[in-house]
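The structure under discussion appears below in the form of structure tokens.
What follows draws every value from the coordinates through simple rules; no lab data is involved. If you're wondering where the values come from, they're calculated on a predicted model, not measured in any experiment. Glycine also receives a Cβ, built like all others from the backbone with ideal geometry; neighbour counts cover every protein chain displayed.
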Amino acid sequence: MRVSVDQSVCIGAGQCALTAPAVFTQDEDGFGAVLPGCEDGHGSPLLREAARACPVSAVFLGED
């Protein structure tokens, strides 16, 4: 599963990083970002929950 954060939509709430810290972080400006090498989600069971937790729906999940 491919995972990404739409930087043009993200408001920096941090819910993705709090929900799935093995996949997401916050960049130097405080916006959500996928950790390097984690673009495939590493099979994290928390990906869907992280996407649901985003208040502006900036987290996208897609099939490979």
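Where does the charge balance sit around Ala17 when Lys and Arg score +1, Asp and Glu -1, over other residues with C-beta under 13 Å from its C-beta?
Residues close to Ala17 contribute a combined charge of -2.
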For the stretch 24-40, in residue order, the Karplus 3J(HN,Hα) values (coefficients 6.51, -1.76, 1.60; θ = phi - 60°; whole Hz; Gly and Pro = x) are 10, 9, 10, 6, 5, 9, x, 8, x, 8, 7, 4, x, x, 10, 4, 9
Going 7 Å from the Cα of Asp29 along its beta-carbon direction, which residues of the stretch 1-20 have the amide nitrogen within less than 18 Å of the resulting point? 4-17
Sum of -39500 (n - 2.57) over DSSP H runs of 4+, divided by residues of the chain (222 nm, nearest 500): -4000 deg cm²/dmol
Which of the following values of mean projected area of the Cα convex hull in nm² was calculated from the structure shown: [x] 4.3; [y] 3.7; [z] 8.6? [y]
